[in-house]
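Quick one: the structure is below, questions incoming.
Here, each number is a calculation from the coordinates, and none is a lab measurement. A quick note: this is a predicted structure, and the numbers were derived from the prediction, not measured. Here the Cβ positions follow ideal geometry from the backbone for every residue, glycine too, while neighbour counts run over all protein chains shown.
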Amino acid sequence: MKPQQRVALIAALFVSTSNFALAATATTSFTVNATVASNCLVSSTSLNFGTYDPLSTSDATATSTINVKCSKGTAYTIALNAGTRNGATDSTRQMTYTGPLTLASSEPMSYGLYSDSLYANNWGTGAAATVASTGVGLNTGIDHTVYGKIPKNQYNVNAGGYQDTIVATISY
């Protein structure tokens with residue numbers, strides 16, 4: 001056999017045996033799942049009316065901000081309780097005198113909390129009195145302004161400090 005024929009035979013043998021040496025393959029697929037939990041974070045600022053003048057011809061007003069950060073697409077409502085004074089309600093909130101305890105018969109100071117700048121919509125706990133929105137992501141908060149008003153002409157309040165604590169509840 002000539003050298004050229006030997007090379008051709010070896011090449012043919014290599015090609016024919018390499019077809020048998022190829023590896024077989026098989027494939028599959030799988031799904032990847034996750035569920036994002038609905039979560040909300042909330043913070044607020046104090047509502048400070050400053051100095052109230054019972055002889056003023058105008059109501060005293062102030063605002064506070066409730067900042068809510070919820071998972072994107074999470075619907076939520078914000079309810080404000082009646083405060084800490086016994087007898088207070090969502091629509092008749094009352095601050096308690098914080099001055100000297102010698103004034104045992106101190107009158108509470110009435111005030112209201114509203115969801116609008118016209119002071120027309122009481123902000124409370126009932127379904128019609130809550131504020132609703134939808135989260136846009138936990139890194140972006142939505143500010144909700146609380147509008148506070150102390151009615152004018154509260155003549156029977158003691159001179160000195162008054163305070164109340166409101167709890168904002170976020171339901172989602």
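Hey, what do the phi angles of the range 60-74 turn into as Karplus ³J(HN,Hα) couplings, whole Hz, using 6.51/-1.76/1.60 and θ = phi - 60°, x for Gly and Pro?
8, 10, 7, 10, 9, 10, 10, 9, 10, 10, 10, 3, 3, x, 7
Extending each Cα 7 Å along its Cβ direction at Tyr172 and Tyr155, get the distance between those two points in nm, one decimal.
About 4.9 nm, to one decimal.
Using a cut-off of 18 Å between alpha-carbon atoms, which aspartates and glutamates can reach Lys72, once sequence neighbours fewer than 8 places away in the same chain are excluded?
Those aspartates and glutamates meeting the cut-off are Asp143.
Determine the distance separating the Cα centre of the range 57-95 from the Cα centre of the range 113-133; give it in Å without decimals.
Cα centroid to Cα centroid, the span is 8 Å.
With unit charges on the beta carbon (Lys/Arg positive, Asp/Glu negative), name the residue among Ser133, Thr45, Ser110 whose Cα is farthest towards the positive pole of the charge dipole of the chain.
Toward the positive end, the furthest listed residue is Ser133.
Quick check: the angle from helix 3-21's long axis to the longest principal axis of the chain, C-alpha only, nearest 10 degrees?
So the inclination is approximately 40 degrees.
Taking 4 °C and 1.567 mPa s as the conditions, I'd like the Stokes-Einstein D for the chain in µm²/s, using the Kirkwood hydrodynamic radius from alpha carbon pairs.
Rounded to a whole number, D works out at 61 µm²/s.
What order do you get for 58-69, 32-43 when each peptide is scored by the mean count of other beta carbon atoms within 10 Å, highest first?
Put in order of decreasing packing, that is 58-69, 32-43.
Mind jotting down a quarter of the surface of the convex hull over the alpha carbons of the range 92-154, in square nanometres, one decimal?
Mean projected area of the Cα convex hull: 6.9 nm².
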